[in-house]
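Below is one structure; the comments refer to it alone.
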Amino acid sequence: MAAKQLNARAKGQRKLYSGQRQRDATVGKTSLVQVLKNDQCPKTYTMTVGADLVVKSIHIPQTSDVVELYIHDCAGKEMFIDQIDEYIKQPSLVCLVYDVTNEVSLASCEKWLQKVRSQKPEISVLVTLIANKSDLTESRVVSQKEGQAFAEKNNMKYFECSAKDSKCVEAAFGTLANSFHHTYLEKTEFFKSLHA
Amino acid sequence: MFDVALGSACSDISVSTSFDDAHPPENIIDGKPDTFWATTGLFPQEFVLSFSSPVAISNIHIYTYNLKNIMVMRSTEHEAGAFKMLTKKELERTSGSLQSQLIEVPKATVAQHLRFIIESAYDHFVAVYRVSVDGSQIQE
Ligand SMILES: Nc1nc2c(ncn2[C@@H]2O[C@H](COP(=O)(O)OP(=O)(O)OP(=O)(O)O)[C@@H](O)[C@H]2O)c(=O)[nH]1
Ligand SMILES: [Mg+2]
């Protein structure tokens with residue numbers, strides 16, 4: 001999967017690695033990831049082929065810990081699905097993205113959710129739902145209520161974002177990183193109750 | 001025959017892919033049953049157990065949690081490198097008690113470094129509580 005650091009002995013700092021995946025054509029996955037990484041939304045559309053890896057370190061508030069997100073920005077186009085399968089085998093976190101001006105893109109989030117949850121049902125994976133392009137109020141067809149209801153029904157956190165206006169992008173990914181960190185603390189706390 | 005992995009002058013975890021101050025890799029060989037090394041996300045993860053001089057190994061015992069597939073390699077070089085495959089194991093999932101896995105090795109297996117690669121797991125994080133190695137130091 002993602003690259004790893006041999007001899008990763010950064011003292012005093014806890015680094016967590018979490019892979020995560022993004023989905024569906026032209027909804028703005030690459031734009032969101034670029035805003036997160038470079039604070040800049042790409043001006044022109046380039047179709048993602050296969051999956052691009054973007055690494056982003058997120059500091060966890062009130063700790064000296066860092067969660068390093070290995071984000072696999074997957075191609076949305078169906079034709080690349082075989083290349084993506086590899087990446088969705090064992091994700092740590094999943095971020096589903098739809099476009100609020102495109103009804104079909106929300107429906108396909110449901111499809112992707114099933115796929116993700118059926119891979120390794122024994123491992124619980126935190127999934128968030130991003131309603132992107134919230135700046136396009138005129139052409140919007142999926143309401144906030146509809147998106148939220150879908151998220152709630154499927155136990156996902158919901159974020160309304162705009163890559164164009166850099167709105168809510170950090171909050172969405174920050175929440176993912178925080179949850180992963182929280183899970184780590186919880187699990188290691190449990191590990192402490194066991195012994196050889 | 002004795003546990004040559006016990007963290008003393010003669011053994012050390014020389015490489016590890018995760019490091020959390022609270023659960024450092026040294027915990028694998030500190031001889032305490034309740035301390036562990038935690039992996040901090042993503043797989044594969046690995047650590048290398050190094051001896052100060054070559055050791056003749058008869059078996060290896062690992063105590064873990066959430067581990068699924070592990071591969072063990074050995075190196076006879078002074079500097080860790082040129083690892084050769086020793087064995088692969090798939091462990092059963094346990095809940096609430098540790099996985100205890102004996103890893104038998106061919107007779108007269110010699111190694112100065114043992115590399116443990118955790119290829120997959122039953123959860124996002126794995127804990128390695130202890131690795132004990134039955135063997136004896138080879139007098140050079
Ligand atoms: N108005 C508006 N346009 C956006 C927003 N985010 C992305 N876009 C535009 O939507 C188009 C597709 O964006 P990408 O980020 O490449 O979409 P993608 O989901 O990565 O597409 P694939 O890689 O083909 O799956 C581009 O023309 C972007 O400029 C947004 O928040 N608001
Ligand atoms: Mg893209």
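The values are calculated or read from the model by the stated rules, or taken from the named source; none is laboratory data. Treat the numbers as computed from the prediction; the structure is a model and nothing was measured. Positions of Cβ are backbone-derived with ideal geometry, glycine not excepted, and every protein chain shown enters the neighbour counts. Protein only, heavy atoms only, side chains kept; ligands, DNA and RNA dropped before computing areas. Shrake-Rupley method; radii C 1.70, N 1.55, O 1.52, S 1.80 Å.
Are there cysteines in the protein assembly as shown with no second cysteine's Cβ under 4.7 Å away, and if so, which?
Flagged as lacking a Cys partner: A:CYS41, A:CYS74, A:CYS95, A:CYS109, B:CYS10.
Can you compute 3J(HN,Hα) from phi for each residue in segment B:18-35, using the Karplus curve 6.51 cos²θ - 1.76 cosθ + 1.60 with θ = phi - 60°, rounded to whole Hz and x for Gly and Pro?
10, 9, 10, 2, 6, 9, x, x, 4, 4, 5, 10, 8, x, 8, x, 10, 9
Figure the gain on full extension for B:GLN101 and B:ASN69 (residue separation times 0.36 nm, minus the Cα-Cα span) and round it to one decimal in nm.
Length gained, B:GLN101 through B:ASN69: 10.4 nm.
Please find the FRET efficiency linking A:GLU110 to A:LEU185, where r is the Cβ-Cβ separation and R0 is fixed at 30 Å, and quote it to the nearest 0.05.
0.45
As a test of the formula, what do you get for the protein assembly as shown when each DSSP H run with n ≥ 4 contributes -39,500 (n - 2.57) and the sum is divided by the residue count, at 222 nm and rounded to the nearest 500 deg cm²/dmol?
-6000 deg cm²/dmol
Under 5 Å between amide hydrogens, which residues at least 5 positions from A:VAL141 or on another chain qualify, with H placed 1.01 Å from N in the peptide plane?
Amide H to amide H, under 5 Å and 5 or more residues apart or across chains, A:VAL141 pairs with A:THR101, A:ASN102.
Averaged over its residues, how many other protein chain Cβ atoms are within 10 Å of peptide B:89-102's Cβ atoms?
The per-residue average across the peptide is 1.
Under the definition of partner shielding as Cβ atoms of other protein chains within 10 Å of a residue Cβ, what is the mean value for peptide B:11-20?
Per-residue shielding by partner chains comes out at 4.
Tell me, what is the 1.4 Å probe accessible area of A:ILE58, in Å² to the nearest 10?
Surface open to solvent at A:ILE58 totals about 20 Å².
For B:CYS10, A:CYS95, write out the residues from largest to smallest accessible area, computed with a 1.4 angstrom probe and no ligands counted.
Most to least solvent-accessible, the answer reads B:CYS10, A:CYS95.
Pop the C-beta distance of A:THR26 and B:LYS88 into the FRET formula with R0 = 41 Å and round what comes out to the nearest 0.05.
So, using R0 = 41 Å, E works out to roughly 0.45.
Can you work out the Karplus-derived ³J(HN,Hα) for every residue in segment A:165-179? Use 6.51 cos²θ - 1.76 cosθ + 1.60 with θ = phi - 60°, whole Hz, and x for glycine or proline.
9, 6, 8, 6, 5, 5, 4, 4, 6, x, 5, 4, 4, 4, 5
Provide the solvent-accessible area of A:CYS168, counting protein heavy atoms only and rolling a 1.4 Å probe, rounded to the nearest 10 Å².
50 Å²
Cα centroid distance between segment A:146-196 and segment B:1-50, in Å?
Between the Cα centre of segment A:146-196 and that of segment B:1-50, the gap is 30 Å.
Can you tell which of A:CYS168, A:ILE58, A:GLN148 lies farthest toward the positive end of the dipole of segment A:19-194, using +1 and -1 charges on the Cβ of basic and acidic side chains (Lys, Arg; Asp, Glu)?
It is A:GLN148, whose Cα lies furthest towards the positive end.
Compare the Cα positions of A:TYR158, B:LEU86, B:THR40 along the charge dipole of the protein assembly as shown (+1 at Cβ of Lys, Arg; -1 at Cβ of Asp, Glu; about the Cα centre) and return the one farthest towards the positive end.
The residue sitting farthest along the positive end of the dipole is A:TYR158.
Go ahead and run the numbers for FRET between A:GLU103 and B:GLU26, Cβ-Cβ distance against an R0 of 51 Å, rounding to 0.05.
0.40
Taking the alpha-carbon distance from B:LYS32 and a cut-off under 20 Å, which aspartates and glutamates remain once sequence neighbours fewer than 8 residues away in the same chain are dropped?
The qualifying aspartates and glutamates are A:GLU189, B:ASP3, B:ASP12, B:ASP20, B:ASP21, B:ASP134.
Amide H neighbours of B:PHE47 under 5 Å, at least 5 residues apart or on other chains, H built in the peptide plane: list them.
For B:PHE47, the qualifying residues are B:PHE116, B:ILE118.
Using +1 at the C-beta of Lys and Arg and -1 at the C-beta of Asp and Glu, which of A:CYS109, A:VAL67, B:HIS23 has the Cα lying farthest in the positive direction of the dipole of the protein assembly as shown?
Value computed over the given set: A:CYS109.
Leaving out ligands, DNA and RNA but keeping every protein chain, what accessible area does A:HIS195 have, in Å² rounded to the nearest 10, with a 1.4 Å probe?
Accessible area, nearest 10 Å²: 120 Å².
Please compute the average number of Cβ atoms from other chains found within 10 Å of each residue's Cβ in peptide B:30-42.
Counting Cβ atoms of other protein chains within 10 Å of each residue's Cβ and averaging gives 6.
Check B:ARG130: other-chain or 5+ apart residues with amide H under 5 Å from its amide H, H built from backbone geometry?
Under 5 Å from the amide H of B:ARG130: B:TYR63.
Pairs A:LYS43/A:LYS120; A:LYS115/A:LYS145; A:LYS37/B:LYS84; A:LYS43/A:LYS153; A:LYS111/B:LYS88: which are spaced more than 32 Å apart, C-alpha to C-alpha?
Pairs exceeding the cut-off: A:LYS43/A:LYS120; A:LYS37/B:LYS84; A:LYS43/A:LYS153; A:LYS111/B:LYS88.
Give a residue-ordered list of calculated ³J(HN,Hα) values for segment A:121-134 (Karplus: 6.51 cos²θ - 1.76 cosθ + 1.60, θ = phi - 60°; whole Hz; x for Gly, Pro).
With coefficients 6.51, -1.76 and 1.60, one gets x, 6, 9, 7, 10, 6, 10, 10, 10, 10, 8, 9, 6, 5 Hz.
Put B:SER132, B:SER58 in order of accessible area, largest first, 1.4 Å probe: what do you get?
Result of the area sort, largest leading: B:SER58, B:SER132.
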